[in-house]
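The values are calculated or read from the model by the stated rules, or taken from the named source; none is laboratory data. For clarity, every value in this text was computed on a predicted model and none was experimentally measured. Note that we place each Cβ from the backbone using ideal geometry, even for glycine, and neighbour counts take in every protein chain shown.
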Amino acid sequence: MKTDSTEDIILKYSARGMPVLRQYLAEHYCRQAAEEILTWPKGCVVLTTGFYVNGAAETDGPSGTAVVAKVLQGLGYRPVIVTDENCKGYFEPERIETVYLSMQADDDSCRTLLRNLNPVGMISIERCGKNVKEDYANMRGISIREHTAPCDRMFELCEVPTIGVGDGGNEIGMGNLKDVILEKLELTPCRIRTDRLVIATVSNWGAYGIASELEALTGKTVFSRIDGSHVTQFVEDFLQRTVDLGSVDGLSGERIVKVDGFERSVELEILSLLASKLKRNPRPDQSFQR
């Protein structure tokens with residue numbers, strides 16, 4: 001019987017056209033993103049997330065970013081999250097460095113931040129990027145420019161490898177497939193490209209997929225257990241805490257523990273499937289054990 005790949009798992013329940021885009025990516029695009037990360041020298045990895053919905057950051061993005069950041073810490077990297085005030089206080093309790101970029105930041109500000117952080121790589125997880133109309137827009141095509149710091153500009157200005165994770169078409173990284181998105185999905189795509197693109201039904205799931213592949217490749221228990229807790233418990237606690245801080249479901253805009261309309265049980269199901277896959281295939285790739 002065929003075993004589901006990581007890509008199969010993170011694309012479960014898709015209803016927004018991501019399977020259409022899958023045919024334009026490598027078969028194991030999630031594993032390739034993890035392999036790319038493991039080629040980076042140990043140093044600062046910039047992560048960005050936080051998608052504005054109804055006065056707050058939505059629940060999709062931050063928890064996936066927190067998981068990847070904790071995994072990177074476990075592998076000896078220094079993750080730094082660059083976001084805006086919509087995610088205020090989300091990451092510091094997890095002992096993850098966070099920098100808040102001003103909504104009015106210009107290119108000089110972005111260059112200065114890049115120079116100070118000196119990243120070895122950059123990862124975007126569910127972060128709005130400028131579209132082909134030079135605007136920041138939500139899934140309904142409504143401008144959210146006034147509520148979105150230009151984190152995407154850092155991906156254009158940097159000179160290091162980049163990875164984007166998205167689930168709809170308006171996120172950083174979807175510029176890789178902008179022509180396909182325009183033709184097949186009939187929406188205005190983000191124009192910002194990344195070296196690697198990971199698509200998923202929910203961007204959190206794409207982030208979890210990368211994190212699980214990092215554990216699979218290195219043989220280090222950095223994803224399935226985080227800070228002494230099973231990853232499902234870590235994520236459940238993180239989601240609840242960020243909703244308490246004001247985070248909202250991206251589909252309804254309500255301050256509830258849902259992610260893109262999915263109940264928390266579905267989020268935990270995806271995590272459990274990825275963790276179970278690691279148990280079934282525990283042998284790491286020898287070339288990444290370092």
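Note on the range 117-132: residues that are among the aliphatic types (A, V, I, L, M) and not in a loop (DSSP other than H, G, I, E, B) total 4. Cβ separations smaller than 9 Å between residues 6+ apart or across chains give the following pairs from the range 153-165 residues that are within 16 Å of Asp108 (Cβ to Cβ) and touching a residue at least 24 places away in the same chain (Cβ under 8 Å) to residues that are surrounded by fewer than 24 Cβ atoms within 10 Å (Cβ to Cβ) and of a type in the set (A, V, I, L, M): Arg153/Ala105; Met154/Leu101; Met154/Leu113; Met154/Leu114; Leu157/Leu114; Cys158/Leu114. The residue that is surrounded by the fewest Cβ atoms within 10 Å (Cβ to Cβ), counting only those in the range 69-116 that are acidic (Asp, Glu) and assigned to a loop (DSSP other than H, G, I, E, B), is Asp106. How many residues does the range 7-40 contain that are part of a loop (DSSP other than H, G, I, E, B), closer than 17 Å to Gly74 by Cα and in contact with a strand residue (DSSP E or B) (Cβ under 7 Å, 6 or more places away or on another chain)? Matching residues across the range 7-40 total 1. Annotation note: of Ala57, Ala66, the sole residue that is in a strand (DSSP E or B), at pLDDT 95 or above, crowded, with 24+ Cβ neighbours inside 10 Å and of a type in the set (Gly, Ala, Ser) is Ala57. In the condition set (1) surrounded by fewer than 24 Cβ atoms within 10 Å (Cβ to Cβ); (2) out of contact with any Gly (no Cβ under 9 Å at 6 or more places or on another chain), Glu213 is compliant with all but (1).
In the condition set (1) touching a residue at least 60 places away in the same chain (Cβ under 8 Å); (2) closer than 20 Å to Tyr90 by Cβ; (3) part of a helix (DSSP H, G or I), Arg255 is compliant with all but (3).
Restricting attention to the range 130-175, and to residues there that are acidic (Asp, Glu) and out of contact with any helix residue (DSSP H, G or I) (no Cβ under 8 Å at 6 or more places or on another chain), which single residue is surrounded by the fewest Cβ atoms within 10 Å (Cβ to Cβ)? Result: Glu159.
Phe223 fulfils the conditions (1) part of a helix (DSSP H, G or I); (2) in contact with a Leu (Cβ under 9 Å, 6 or more places away or on another chain) except for a single criterion, (1). Each residue in the range 133-156 was checked for being assigned to a strand (DSSP E or B) and among the hydrophobic types (A, V, I, L, M, F, W, C), and 1 of them qualify.
Residue count for the range 41-54 satisfying the condition of being assigned to a loop (DSSP other than H, G, I, E, B) and within 17 Å of the chain's Cα centre (by Cα): 3.
Just a yes or no: is a residue in the range 142-165 on the phi > 0 side of the Ramachandran plot and not β-branched (Val, Ile, Thr)? Within the range 142-165, not a single residue is on the phi > 0 side of the Ramachandran plot and not β-branched (Val, Ile, Thr).
Each residue in the range 88-99 was checked for being within 17 Å of Val45 (Cβ to Cβ) and out of contact with any Asp or Glu (no Cβ under 9 Å at 6 or more places or on another chain), and 3 pass. Of the residues making up the range 109-134, just one is more than 20 Å from the chain's Cα centre (by Cα) and within 15 Å of Asn176 (Cα to Cα), namely Val132.
Going through the range 205-262 one residue at a time, which ones are over 15 Å from Pro62 (Cβ atoms), charged (D, E, K, R) and under 16 Å from the mean Cα position of the chain (by Cα)? Selection gives Glu213 alone.
Remark: pairs (first residue in the range 217-234, crowded, with 16+ Cβ neighbours inside 10 Å and at pLDDT 95 or above; second residue assigned to a strand (DSSP E or B) and not acidic (Asp, Glu); Cβ separation under 6 Å; 6+ apart in sequence or on different chains) = Phe234/Ile226. Yes or no: the range 130-141 includes at least one residue that is closer than 25 Å to Phe234 by Cβ, touching a strand residue (DSSP E or B) at 6+ places or on another chain (Cβ under 9 Å) and charged (D, E, K, R). Looking through the range 130-141, none of the residues is closer than 25 Å to Phe234 by Cβ, touching a strand residue (DSSP E or B) at 6+ places or on another chain (Cβ under 9 Å) and charged (D, E, K, R).
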